[in-house]
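Note sheet for the following structure.
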Amino acid sequence: MAKKVTGFVKLQIPAGKATPAPPVGTALGPQGINIMAFVKEFNARTQGQDTILPVEVTIYADKSFTFILKTPPTAELIKKELGLASGSGTPNKTKVGSVTKAQVRKIAEIKMPDLNCDSIDSAMAMVAGAARSMGVTVSD
Amino acid sequence: MSTAADKRPWVSVRARPRGGAAAVEAVVAALFAAGSQGVQEQGDAVLTQFPPDTDVETLRAALLAADPTADVAISLTAPVDWTEGWKALIGAHDLGGLAVVPPWLAEGRDPAATIVIDPGMAFGTGDHPTTRGVVRLMQGVVRPGDVVADLGAGSAVLSIAAVKLGAARCAAIEFDPDAIANAEENVARNGATGRVTVIEGDARVLLPLVAPVRLVLANIISSILLELMDAIDAALAPDGEAILSGILWDERETMLRAIEAHGWRAVAEDHEDVWWSVRCARRAN
């Protein structure tokens with residue numbers, strides 16, 4: 001039967017590395033859900049993926065909960081594609097790499113399910129914008 | 001490095017990027033680069049906490065480098081051990097003569113009137129208006145020695161309630177394989193092993209195997225209940241009864257017609273919030 005939703009929490013957590021310490025515990029603990037149950041389930045479902053994963057947790061009146069995993073942040077996918085440790089602290093001055101249109105398309109296709117875009121072109125434009133804001137130039 | 005015994009406050013960061021989606025990603029990336037173990041998105045702000053030793057000014061500079069127009073608020077927050085802290089928010093729930101309690105509140109309670117449920121991901125505290133409705137309708141219906149079947153048993157809370165109320169044994173039938181381990185843990189925790197048997201599978205297949213039963217409990221949803229009515233009818237002993245729940249109040253008339261069509265009558269009804277539960281018996285009884 002349907003349950004009454006009492007809470008909704010959006011987090012980004014390194015895959016396989018959730019802990020009950022802050023900020024995961026701080027975000028979910030006040031909802032009255034079993035923190036260790038979340039941590040174990042999240043880590044089990046995301047282990048082996050070396051990325052940050054957005055997760056949306058829905059909490060119900062009986063303190064049961066569900067969560068859905070989203071695609072990694074665009075910046076994470078760009079860093080992974082280019083083998084970068086981090087983006088540029090001063091993206092206008094210091095460039096840390098260059099991404100091709102083909103790579104932008106590849107990342108846009110991964111992100112499409114979570115983007116509010118109706119075409120691959122607009123998704124690619126968002127990925128390109130994210131790349132520029134982290135000091136990554138877009139080449140043909 | 002902070003430890004559980006470290007009572008120093010944590011550094012709490014709330015940043016509101018103002019440069020659109022790309023700025024949000026840049027700020028989040030800066031938080032992770034600074035060692036964050038996770039970030040909460042709350043409206044247009046992102047929140048996280050860092051251990052007590054964090055260099056606040058370096059952190060602020062990194063966030064403003066990611067988005068120079070971001071609002072960045074940094075404060076101190078008292079540490080809470082949420083591995084235990086969440087338990088303070090869980091209380092005992094009255095189920096009409098029985099109480100459902102988490103393990104840490106079970107001590108000192110009468111085991112015969114207490115159902116212990118460890119709140120987990122799938123079934124929480126075991127407390128729901130439909131669960132309460134079924135247990136209220138079970139009062140005085142379960143007789144010593146009864147054989148009961150609980151369809152869509154989930155956490156097995158109703159099966160445990162049935163044996164606590166005097167049933168000899170109960171078959172807890174559950175279709176979802178992910179629920180089985182949780183149900184078995186709850187059965188063992190409540191000393192009901194041997195009296196409650198958790199069985200994984202389709203109720204239409206399994207119910208005939210445990211028939212005849214004196215009482216069927218089915219807290220599912222109305223569409224599934226309608227599909228199960230023939231199987232329930234065939235499985236009930238001549239003096240058998242069924243308690244159906246998971247039914248919305250505005251589905252009451254539909255369900256009453258289906259009950260009538262199966263040669264049953266509604267003996268008692270329960271209404272809480274938007275939920276309706278009904279106890280039925282054969283019309284001849």
Review point. Given charges of +1 on the Cβ of Lys and Arg and -1 on the Cβ of Asp and Glu, with all other atoms neutral, how large is the dipole of region B:10-86 about its Cα centre, in debye to the nearest 20?
Key: 220
Exercise for review: Compare the Cα positions of B:A62, B:F32, B:L256 along the charge dipole of chain B (+1 at Cβ of Lys, Arg; -1 at Cβ of Asp, Glu; about the Cα centre) and return the one farthest towards the positive end.
Suggested key: B:L256
Point to revise | Helix-only CD estimate at 222 nm, as mean residue ellipticity for chain B, using -39500 (n - 2.57) per DSSP H run (n ≥ 4) | key: -9500 deg cm²/dmol
Practice item. Could you tell me the largest-minus-smallest coordinate of the C-alpha atoms of region A:1-105 on each of the three principal axes, in descending order and whole angstroms? Key: 51, 28, 26
Point to revise | Pair-distance profile P(r), taking every C-alpha pair of region B:183-224, with 5 angstrom steps and integer % | key: 5, 17, 22, 25, 22, 7, 1
Study note, to complete from the structure: Rg from C-alpha atoms of the protein assembly as shown, normalised by the globular rule of thumb 2.2 N^0.38 Å, equals 1.22
Review point. Tell me, what does the Kirkwood hydrodynamic radius of region A:32-80 come to in angstroms if you use every pair of distinct C-alpha atoms?
Key: 12.1
Exercise for review: Based on alpha-carbon positions alone, could you give the equivalent ellipsoid semi-axes of region B:94-180 from the gyration tensor, as √(5λ), descending, whole Å?
Suggested key: 18, 17, 11
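List the accessible area buried at the contact between B and A, summed over both sides and calculated with a 1.4 Å probe, in Å² to the nearest 100.
Values: alone 13980 and 7970 Å², together 18730 Å².
Protein heavy atoms only, the B-A interface buries about 3200 Å².
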Practice item. Could you work out how far helix B:252-261 tilts from the main Cα principal axis of chain B, as a 0 to 90 degree angle to the nearest 10? Key: 30
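Could you tell me what percent of the DSSP beta bridges with both partners in region B:210-285 are antiparallel, to the nearest 5?
Details: 14 of 20 bridges.
In region B:210-285, approximately 70 percent of DSSP beta bridges are antiparallel ones.
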Check your understanding: What list of whole percents do you get for P(r) of region A:60-128, with Cα-Cα distances grouped in 5 Å bins up to the one holding the largest distance?
Key -> 3, 15, 22, 19, 14, 10, 5, 5, 4, 2, 0
Review point. Straight-line reach from A:K93: which aspartates and glutamates have Cα under 18 Å away, leaving out those fewer than 8 places along the same chain?
Key: B:D67
Exercise for review: Rounded to whole Å and ordered largest first, report the semi-axes of the equivalent ellipsoid of region B:10-86 derived from its Cα gyration tensor (root of 5λ).
Suggested key: 22, 14, 10
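Once you average over the residues of A:30-38, how many Cβ atoms of partner chains fall within 10 Å of each Cβ?
Details: counts 5, 2, 10, 8, 11, 7, 5, 6, 3.
Going residue by residue through A:30-38 and averaging, the value is 6.
Mind checking the mean number of beta-carbon atoms from other chains within 10 Å of the Cβ atoms in B:36-48? Present the calculation step by step, with values, prior to reporting the outcome.
Working: counts 6, 10, 16, 10, 11, 7, 3, 1, 0, 0, 3, 5, 7.
For peptide B:36-48, the averaged partner shielding equals 6.
With both bridge residues required to lie in chain B, what share of the DSSP beta bridges run antiparallel, to the nearest 5%? Before the final figure, lay out each step's value.
Details: 32 of 56 bridges.
Around 55 percent antiparallel, to the nearest 5.
Report Rg(Cα)/(2.2 N^0.38 Å) for region B:90-282, keeping two decimals. Write out the running numbers ahead of the final one.
On the way: Rg = 15.3 Å, N = 193, 2.2 N^0.38 = 16.3 Å.
Output field value: 0.94.
Given only helices, namely DSSP H runs of n ≥ 4 each adding -39500 (n - 2.57), what is the per-residue ellipticity at 222 nm of chain A, to the nearest 500 deg cm²/dmol? Spell out each step's value before the answer.
Details: 5 runs with 51 residues, N = 140.
Roughly -11000 deg cm²/dmol at 222 nm, from the helical runs in chain A.
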Study note, to complete from the structure: For region B:112-196, the dipole about the Cα centre with charges only on Cβ (Lys and Arg +1, Asp and Glu -1), to the nearest 20 debye, works out at 460
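If you place +1 on the Cβ of every Lys and Arg and -1 on the Cβ of every Asp and Glu, how big does the dipole about the Cα centre of the protein assembly as shown come out, in debye to the nearest 20? Numbers along the way, then the final one.
Numbers: 40 positive and 49 negative charges, 134 e Å.
With Lys and Arg at +1 and Asp and Glu at -1, about 640 debye.
Taking every residue in A:58-68, how many Cβ atoms of other protein chains lie within 10 Å of its Cβ, on average? Display every interim value, and only then the final one.
Details: counts 0, 1, 4, 6, 13, 12, 12, 5, 2, 1, 0.
What the average comes to for A:58-68 is 5.
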Point to revise | Between helix B:177-189 and chain B: long-axis angle, C-alpha atoms, 0 to 90°, nearest 10 | key: 80
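With every protein chain left in place, what is the accessible area per residue of the protein assembly as shown in square angstrom, probe 1.4 Å? Working shown, then result.
Values: 18730 Å² over 425 residues.
Averaged over the residues of the protein assembly as shown, the accessible area is 44 Å².
The values are calculated or read from the model by the stated rules, or taken from the named source; none is laboratory data. Quantities reported herein were computed from a predicted structural model and do not represent experimental measurements. A quick note on method: Cβ atoms are made from the backbone with ideal geometry, for glycine too, and the neighbour counts reach across all protein chains shown. Ligands, DNA and RNA are excluded from the accessible area calculation, which covers all protein heavy atoms including side chains. Shrake-Rupley method; radii C 1.70, N 1.55, O 1.52, S 1.80 Å.
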